[in-house]
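Below you'll find the structure, written out as structure tokens, and then a few comments.
All of the numbers you see were taken from the coordinates with simple rules; none came from a lab. Values in this document were obtained by computation on a predicted structure and should not be read as measured data. Cβ: placed from backbone, ideal geometry, glycine included. Neighbour counts: every protein chain shown.
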Amino acid sequence: MERGIDLERAAGLLSAGRLVAFPTETVYGLGADASRADAVARIFAAKGRPRAHPLIVHLAPEAELDDWAIEIPDAARRLAAAAWPGPLTIILRRGPRVSLATTGGNDTVGLRVPAHPLAQALLRAFGGGIAAPSANRFGAVSPTTADHVVADLGDAVDYVLDGGPCEVGVESTIVDLSRAHPVLLRPGGMPREAIEAITGPLAAADAAAPAAPGTLASHYAPRAQVIAVAPEEVPAAVAGAHGRIAVLAPAQAFLAWPALAAEAYRLPDDAAGMARALYAALRDLDDAGVDVVIAALPPAAGLGEAVGDRLLRAAGPRKDRPQ
Ligand code: TXA
Ligand code: MG
């Protein structure tokens, strides 16, 4: 595994069918040439991810949507124009340039133009679409620094492009526009309100929605047990927990709990700050050997919806946890 900021080297490795981890504004991605089945197969092997789980294709800002998707509805063009580059993935019908291996055999494809300058520079140097899931092992918390990628994947990745910590900190919002009505498949870095201003109301995923492993109950689980509750329920949750207990909450919230019998992990008070710090916090708490994390759920507005979603998934039942 090599690590650095050598874009020519990273793009050369992608062209040779190898794996390059790269920063985006949301989380780090584990990238391969989206048009090559052999390159994409390496992603599934490195992550330990089932092959039927589709990957997002990342595109440069000047890429043509029509090269990567077909039957594109007007709403998708309007949304792409307003939201990209940015933390939004749009599901459309798959174009012929996208390998079926990338979409897990689906006739739809997730497309996203990332805002991170290094991601854009890599996409331009490479000249094609980069298929990339989050650069963690399947079932673990997504990486928001190059160190997280190295800790999770080590030599399974050929090059780690180091862009420092990610700005947004949670994965992109995923909207399915491949069917009659827009559906929110995953809340994320772009708030629902900003998307609905363009598409109208987003429906919740139903049984007919495309399968997304990010929607498994406990996809984002750290090793410690996570209990996610409303802030006012934190003291009772602490009283009922056993072992080494940490409370994960906005710094302000701790002012109401002067005598808490738990370690305090203080997050920023605003939802965007919480999102940015969340995954590193869960990793820190695991590294510290905490047994139980009691997390205060933020209000579900703006980025709070994604933060709450990830906390509830991290708290999901262990038996559902993907390997
Ligand atoms: O912010 C992000 O989205 C990051 C960065 C690297 O771009 N990527 C990411 O990828 O989170 P991943 O693979 O960890 O999560 C992508 C989710 C998965 O749940 C996958 O099933 C879903 O997107 N997905 C991708 N293509 C899809 C498709 N064609 N139909 C339905 N779901 C799709
Ligand atoms: Mg992921």
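Brief remarks on what is shown
- Taking Cα centre as origin and charging only the Cβ of basic (Lys, Arg, +1) and acidic (Asp, Glu, -1) residues, the dipole magnitude of the range 225-314 rounds to 100 debye.
- Distance-filtered residues of the range 249-272 - backbone nitrogen under 11 Å, label point 7 angstrom along residue 288 Cα→Cβ: 249, 262-267
- Just so you know, the averaged projected area of the alpha carbon convex hull for the range 1-72 sits at 6.1 nm².
- Calculated translational diffusion coefficient of the range 225-314 (37 °C, 0.692 mPa s; Stokes-Einstein with Kirkwood radius over alpha-carbon pairs) equals 256 µm²/s.
- For the chain, DSSP calls about 40 percent of its internal beta bridges antiparallel.
- Charge dipole of the range 8-126 about the Cα centre (unit charges at C-beta), most positive-ward option of 126, 113, 52: 52
- Under the Karplus curve 6.51 cos²θ - 1.76 cosθ + 1.60, θ = phi - 60°, whole-Hz ³J(HN,Hα) for the range 228-239, x wherever Gly or Pro sits: 9, 9, 5, x, 5, 8, 4, x, 5, 5, 5, 4
- Part-to-part distance (alpha-carbon centres) for the range 54-95 and the range 3-35, which is given in Å: 20 Å
- Note on the chain: with charges restricted to the Cβ of Lys and Arg (+1) and Asp and Glu (-1), its dipole about the Cα centre is near 740 debye.
- Residues whose placed amide H lies under 5 Å from that of residue 34, excluding near-sequence neighbours: 129, 130, 131
- Over all pairs of different C-alpha atoms, the chain has a mean inverse distance whose reciprocal, the Kirkwood radius, equals 19.9 Å.
- Viscosity 1.567 mPa s, 4 °C: Kirkwood-radius Stokes-Einstein D of the range 92-143 over Cα pairs, µm²/s: 102 µm²/s
- Shape analysis of the range 161-300 yields a ratio of the Cα radius of gyration to the Kirkwood radius, Rg/Rh, of 1.02.
- For the range 244-291, the equivalent ellipsoid derived from the alpha-carbon gyration tensor has semi-axes of 17, 17, 5 Å in decreasing order.
- Derived value for the range 1-153: Kirkwood hydrodynamic radius 15.2 Å. Basis is the mean of 1/r over every pair of different alpha-carbon atoms.
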